[in-house]
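Please read the structure below before turning to the comments.
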Amino acid sequence: MNARILNIKSKNRRNPVGVANPADFHFSEGNSIDAQVMIKNPNISLYCLDHNNDRALFVETPAGIDLSQAPFYYQAQYENAISLFGVPYLELHRLANNMRIDGSRLILIYSVGRTGSTMLSSAFNQIENIVGLSEPDIYTQLVAIRKWDKSNDNEVGELLQSCTKVLCKTPLRNRLPLMRAFKFRSFGIEIADLMFKRFPEAKIIFLYRDALTWTRSAIRAFINDDFNSVENLKAIQAMLRPLAHLIDKHISETDAPLSMAKIAAFMWLSVMERYMELYRQGVPMFAVRYQDLTAFPKQAIKAIFKYCDAPTNGLEKIFGILDQDSQAGSKLSRTNLKEKTTELPDNFQAEIEQYLREHPTVKTPFFIAPNTWSPNVGE
């Protein structure tokens, strides 16, 4: 079965941090093409799933652009796309079945977001034999496609495995990398159990921070000033429903809009609950708090690289870029966020704390997750 050329007529992406999807492009169906081109051409990469049509979409970007160096992989793919291709799922699986990857050389970076995960992804990319991809959005789509009752786990698991293999094809760099690091959006932890089932030898990193400072950072980054209207709150809930299990649970039980504080608490807690589930299932993970990563960056980087069995002969190069803005050039750059002045309601913090106190496990916005790395302060 062949792939198909999709002739791009226009680019339609309005939200630069929205989940990648076929509607990002207006295109027409073109001629057939050998699907092997998706693997052989180093300038073609997997962009998103067109799940309604049982196919994956690949983009071609100009020669010389290294997508692995972008702060956000999916944004760089969209901005630089010059060609688009559709590959039926059956053909995607066939391509992946002919590929072999060593699971022990996979590094998976989960987080609650706003925790230095982009910086860590960039740090891995400074090492000669590691290639990191910061937020390939195929995984965010798979979170949305997965049913909360797990009734389609076989289908999602197969897609996850095939997509991961295809993303691990030899990149643009003129070498064969020894390790690959995937950094996910915060929602990615919702399918971490499926990823562990398919790649049990992968090294798993989890970055998190307290709920209160996370909330302020996340709202400043992603939410507009007029978020407090009922209409906007309902729109935010609807957008997040397929991505955060606690928000879906709330909407299933009642259609009443959550406050922004509750939405934030549900998002943070959804990630922390998934981490605790993985921990109880015995999934090996290395957790690092944001405040420790920022207060003891060199120690933290060394510990993370040691845990991942990653080369450490280039750490001095990493230490030299720790103060740089890892999201420079994107909507989430420090320069852009300085211009935002989102004001939070006076009771915002108290509402989050009250809700978390009622949780049977977490209970506090300053919850310390098990397996959390502790710095040697005297070092």
> Just for helices (runs of 4 or more DSSP H) wholly inside the range 222-326: which have at least 2 residues that are farther than 25 Å from residue 203 by Cβ and among the charged types (D, E, K, R)?
Replying inline: 230-240, 245-253
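Rundown of residues vs (1) more than 21 Å from the chain's Cα centre (by Cα); (2) in a helix (DSSP H, G or I); (3) farther than 22 Å from residue 243 by Cβ, yes/no style:
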residue: 68; (1), (2), (3): no, yes, yes
residue: 71; (1), (2), (3): no, no, no
residue: 74; (1), (2), (3): no, yes, no
residue: 79; (1), (2), (3): no, yes, yes
residue: 87; (1), (2), (3): yes, no, yes
residue: 90; (1), (2), (3): yes, yes, yes
residue: 107; (1), (2), (3): no, no, yes
residue: 132; (1), (2), (3): no, no, yes
residue: 136; (1), (2), (3): no, no, no
> In the range 49-91, what count of residues is obtained for those that are farther than 26 Å from residue 28 by Cβ, in contact with a Pro (Cβ under 8 Å, 6 or more places away or on another chain) and surrounded by fewer than 18 Cβ atoms within 10 Å (Cβ to Cβ)?
Replying inline: 1
> How many residues are among the polar types (S, T, N, Q), without any contact (Cβ under 8 Å) to a residue 24 or more places away in the chain and touching a Phe, Trp or Tyr at 6+ places or on another chain (Cβ under 9 Å) if we restrict to the range 248-272?
Replying inline: 1
> If we keep just the residues of the range 117-136 that are in contact with a helix residue (DSSP H, G or I) (Cβ under 6 Å, 6 or more places away or on another chain) and of a type in the set (A, V, I, L, M, F, W, C), which is nearest to residue 75 (Cα to Cα)?
Replying inline: 133
> Here are some conditions: (1) under 20 Å from residue 183 (Cα atoms); (2) outside any helix (DSSP H, G or I). Residue 56 meets all but one. Which one does it not meet?
Replying inline: (1)
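Suppose the filter is in contact with an Asp or Glu (Cβ under 9 Å, 6 or more places away or on another chain), on the phi < 0 side of the Ramachandran plot and of a type outside the set (Ser, Thr, Tyr); does residue 288 pass it?
no
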>> Here's a check for you: in the range 92-105, which residue that is outside any helix (DSSP H, G or I) and under 22 Å from the mean Cα position of the chain (by Cα) is surrounded by the fewest Cβ atoms within 10 Å (Cβ to Cβ)?
In response: 102
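Let me confirm something: among 182, 196, 124, which residue is in contact with a strand residue (DSSP E or B) (Cβ under 8 Å, 6 or more places away or on another chain), assigned to a strand (DSSP E or B) and in the same structural domain as residue 317 (by TED's automatic domain parsing)?
182
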> How many of the residues in the range 252-272 are modelled with pLDDT of 90 or more and surrounded by fewer than 17 Cβ atoms within 10 Å (Cβ to Cβ)?
Replying inline: 2
> Do you know which of the residues in the range 351-373 that are under 25 Å from residue 293 (Cβ atoms), out of contact with any Lys or Arg (no Cβ under 9 Å at 6 or more places or on another chain) and exposed (fewer than 13 other Cβ atoms within 10 Å of the Cβ) is modelled with the lowest pLDDT?
Replying inline: 361
> Would you say residue 17 is β-branched (Val, Ile, Thr), over 24 Å from residue 155 (Cα atoms) and either loosely packed, with under 13 Cβ neighbours inside 10 Å or at pLDDT below 95 (or both)?
Replying inline: yes
>> Residues that are in a helix (DSSP H, G or I) and buried (at least 20 other Cβ atoms within 10 Å of the Cβ): does the range 144-158 have at least one?
In response: no
> Is the range 167-178 home to any residue that is in contact (Cβ under 8 Å) with a residue 24 or more places away in the chain, under 21 Å from residue 278 (Cβ atoms), buried (at least 18 other Cβ atoms within 10 Å of the Cβ) and not assigned by TED's automatic domain parsing to the domain that holds residue 73?
Replying inline: no
>> The conditions are (1) over 20 Å from residue 116 (Cβ atoms); (2) without any contact (Cβ under 8 Å) to a residue 60 or more places away in the chain, and residue 297 fails exactly one of them. Which is it?
In response: (1)
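When residues of the range 294-350 are filtered for being on the phi > 0 side of the Ramachandran plot and at pLDDT 85 or above, how many remain?
Selection size over the range 294-350: 1.
The values are calculated or read from the model by the stated rules, or taken from the named source; none is laboratory data. Everything numeric here is computed off the predicted structure, so don't read it as measured data. All Cβ positions, even for glycine, are placed from backbone atoms using ideal geometry, and neighbour counts span all protein chains on display.
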